[in-house]
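Worksheet for the structure shown next.
The values are calculated or read from the model by the stated rules, or taken from the named source; none is laboratory data. Computed from a prediction, not measured in an experiment: that's the story for all the values here. Counting neighbours? That spans all protein chains shown, and the Cβs are built from the backbone with ideal geometry, glycine included.
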């Protein structure tokens, strides 16, 4: 959708907030279930009991995460104004200048702005969403192509290593994103957490 000349909304639309809630919840569950997951190893007994339950839970939550992240990208592509892909991947010259200014504000110990008009947070959100997308896609490869006996092929081995590599960035993004949201809510007193998780009304 062409967004040139349109005024950026002051806050997130209801669809974006709904998808954000789903993604935040399921990524959090995925990260913490991953701490107890052990993938099947070749020539080793298959996991049983709690280990098997954790693995199954992690795998099926991963499929749900993939659906949500793809829906998020589709919604961002469809959304108008600053709430769309342009917010997640701010590529225009004006956006880059705003990113530089917001970076200087952080260096000066001023909180960056929130909402669709904020470019530096938008870029960080976009990079985080790309990392979650890569993690979900590599997990889907393991879900569909790795045999239960854990025998590794070059294809699944590459997906497994990529999945574990990206997980580090997702952990960093999850911690930084949650920490900044709490900082905005407590220090900035701008109602960030309340407004992001409020679905009963859109803010203009």
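Overview of values
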{"item": "Top-ranked residue of the stretch 123-181 - restricted to ones that are closer than 30 Å to residue 101 by Cβ and modelled with pLDDT under 85, ranked as surrounded by the fewest Cβ atoms within 10 Å (Cβ to Cβ)", "result": "179"}
{"item": "Residue match in the stretch 99-107 (condition: within 22 Å of residue 143 (Cα to Cα), touching a helix residue (DSSP H, G or I) at 6+ places or on another chain (Cβ under 6 Å) and at pLDDT 85 or above)", "result": "no"}
{"item": "Checklist (1) more than 16 Å from the chain's Cα centre (by Cα); (2) surrounded by fewer than 19 Cβ atoms within 10 Å (Cβ to Cβ); (3) under 16 Å from residue 184 (Cα atoms) applied to residue 118, failing item", "result": "(2)"}
